[in-house]
Structure formats: structure tokens, C-alpha cells
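What follows is one structure encoded as C-alpha cells, with my remarks underneath.
The values are calculated or read from the model by the stated rules, or taken from the named source; none is laboratory data. These figures come from a predicted structure and were not determined experimentally. Glycine also receives a Cβ, built like all others from the backbone with ideal geometry; neighbour counts cover every protein chain displayed.
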Amino acid sequence: MMTISRFILLLVIVSCIAVFFYFDLQQFLTLEMLKSKQAAIIDYKNTHPVISAIFYAVIYIAVTGLSLPGAAILTLAGGAVFGLLWGTVIVSFASTIGATLAFLAARFLFRDSVENRFGDRLNAVNEGMKKDGAFYLFTLRLIPVFPFFMINLLMGLTAIKTRTFFWVSQLGMLAGTIVYVNAGTQLGKITSLSDILYCLR
């Protein structure tokens, strides 16, 4: 049943996503835009380091929390602007917080409806997630069979605990985060996202 609080949350999420695509905000989350604005962004970061880090983290959390496209470019930006160490730290926490918000939104909005509809057929899944959910999630984070945002949403429909989702996600995404942030520190060598693997050499 769609309660008022769920309806309001759903309306806010849908509105934010609609604004993102209506005003074509994705144009600001492209490799070309990042490379063209890199020098200006670094200058601003050098002048306002704390504000820059907070602003960047908020944008990252919003993009991942709303399951919007652009997380890969934002991760590269973390390396390009903040360097490998701080870029990794900020991206690691921001991506995990955003993923957890998406997880919680899916749980709040849809879990009751899914359980009411499928009932007993979900019992085995929930029992399995209670026992081995951390292992399943860690595996999916290391070898993403499903897209990043889909893992967040699907896990929200299971019985896995929020704190387990958070720490396993942060640990499981860390290797990928380091790869992308490191690639961002070598942004001049990248002409497309497929070039990221070459930055490991």
C-alpha cells in the first residue's frame, strides 16, 4: 500500500530524476566536460579545499542515491582533482553513502509490496540473505553481474541488514574505486572510459 510518506518520497525522487534529464544535466558529467574544466576546478579546489570536497561528495551522493548516470566520470574527477589518496577516500564514502540511500529508498518504497505479493516464495531468499547476504553482495561488488544501481535497488528488497550492506559495499567497491580514481590522476591519457585499463600499465 502506498502511504503518504512513500508517495511523497517517490514524488521527490521522480521529480529529481525528471529535472536531471529535462535540463540535460548529464552534459556536465562527460569526459569531455571534465577535461575542459579540470584546470578551473583544480584552481577552485586549491583555494577552497574543504568546500570543494563537500560539494563534490554531495553531488556524488546525489547521483548514486538517485541511480543517475555519471558515477564513472565523477570517480575519474575525484582522482583528477583530489589525487589518489583523498580522491579514493572521498569517493569510497560518497559512493557507499549514495548506494545505501538508494538501498533504503527501495526498501522503504517497495519491500512491503513485494513481500505481500510474492509471500512464501521470498522466504527462502530472505533466509539465504540473512545467512550469506554479505558474501553474495561482496561477490556482486567485485564481479558486477548487474549494474551498480540495480544491485542497490535489488538488495533493498531483501532481508540483508543496512549496516551489512554499507560495510560490504564499501569494501567490495574499494578495488574498483582505486582503479578509476587512479585513472583520473592520469586524465590526459584518457580519451574514453575504455582507456582506463591502459592507465594500470
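Which of the residues that make up segment 19-47 are exposed (fewer than 11 other Cβ atoms within 10 Å of the Cβ) and either more than 27 Å from GLY78 (Cβ to Cβ) or among the aromatic types (Phe, Trp, Tyr) (or both)? Listed by number, the residues that qualify are TYR22, PHE23.
Taking residues in segment 38-54 that are more than 20 Å from SER95 (Cα to Cα) and among the polar types (S, T, N, Q), and partners anywhere that are at pLDDT 95 or above and in a helix (DSSP H, G or I), the pairs with Cβ atoms closer than 6 Å and at least 6 places apart or on different chains are GLN38/ALA80. Each residue in segment 83-100 was checked for being of a type outside the set (Ser, Thr, Tyr), touching a helix residue (DSSP H, G or I) at 6+ places or on another chain (Cβ under 7 Å) and surrounded by fewer than 24 Cβ atoms within 10 Å (Cβ to Cβ), and 3 pass.
For segment 110-156, a residue qualifies if it is under 24 Å from GLY70 (Cα atoms), among the hydrophobic types (A, V, I, L, M, F, W, C) and surrounded by 13 or more Cβ atoms within 10 Å (Cβ to Cβ), and the qualifying residues are LEU137, PHE138, LEU140, LEU142, PHE148, PHE149, MET150, ILE151, LEU153, LEU154, MET155.
In summary, TYR60 fulfils each of the numbered conditions (1) over 20 Å from THR96 (Cβ atoms); (2) surrounded by 11 or more Cβ atoms within 10 Å (Cβ to Cβ) with the single exception of condition (1).
Specify which of the listed residues (VAL168, VAL181) is crowded, with 17+ Cβ neighbours inside 10 Å, at negative phi and out of contact with any Phe, Trp or Tyr (no Cβ under 6 Å at 6 or more places or on another chain). Please lay out each step first, then the result.
Working: VAL168 fails: out of contact with any Phe, Trp or Tyr (no Cβ under 6 Å at 6 or more places or on another chain).
Step by step, each of VAL168, VAL181 is checked, and only VAL181 is crowded, with 17+ Cβ neighbours inside 10 Å, at negative phi and out of contact with any Phe, Trp or Tyr (no Cβ under 6 Å at 6 or more places or on another chain).
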